[in-house]
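The values are calculated or read from the model by the stated rules, or taken from the named source; none is laboratory data. Just so it is clear, the structure is predicted and the values come from calculations on it, not from any experiment. All Cβ positions, even for glycine, are placed from backbone atoms using ideal geometry, and neighbour counts span all protein chains on display. What goes into the accessible areas is simple: the full protein's heavy atoms, side chains included, and nothing from ligands, DNA or RNA. Shrake-Rupley method; radii C 1.70, N 1.55, O 1.52, S 1.80 Å.
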Amino acid sequence: AYRVTDGKQVWNVTTPRPPNNVPAIGHLVGRTGLSVVQPIGQQVLQGAPCDVYAYDAETGVLQWVFNGPSQKGKLQAGDIEGKPYRESVGLRGLTLPNPWSTPAIDGAGTVYIGNQEGQFYALRDLNGDGHVFGPDEVSVFEAGSCYSGATGPAIAPGMVAVGSIDTMYVFKA
């Protein structure tokens, strides 16, 4: 992180895997200041784990970690299955997306993010223990197809919309 006014580095962290997509900045549930949410992982590597990290935006201190799924197959969910259709309409056959979509943070401090294994997550560290885990902190929707790294959830009052590589989903409160 660098200070805008003079370009001086304020903090630096090394992630255990590639910070392989765009971060999100916002207020997380249970936190007072801004946080940086960074998805990490290595795509197209069977068995590779992928996680989501949240850092304090001012200090770089790790706030919480969500341990996501590992890549099960040789490619991401739905990539091989949708290849013939994509090619038939003149698109590139394989999407080879990043492990995570772009994250988004809603006004209540919940992080929304799609995964290469076909799940769409809502994440929140409600108990403040630094590990997002369990049904109170992790909500998951099984879509069966991955979310492209360039895809990100769109949030409006009472609604979240996101597109996987083959379908758009809209969730209403």
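Some points to look at:
- Amide N of the stretch 55-96 lying under 16 Å from the label point, which is placed 7 angstrom from the Cα of residue 45 along Cα→Cβ: 68-76
- Charge context of residue 40, other residues only, Cβ under 9 angstrom, K/R +1, D/E -1: 0
- The accessible surface of the chain, taken with every protein chain in place and a 1.4 Å probe, is 57 percent carbon and sulfur.
- Accessible surface computed residue by residue for the chain, with neighbouring protein chains in place and a 1.4 Å probe, gives 51 Å² per residue.
- Taking all protein chains together and rolling a 1.4 Å probe, residue 88 ends up with roughly 80 Å² accessible.
- Solvent exposure of residue 168, expressed as accessible area, is near 140 Å², computed with a probe of 1.4 Å over the protein chains only.
- Interchain or long-range residues, amide H under 5 Å from residue 114's placed H: 101, 121
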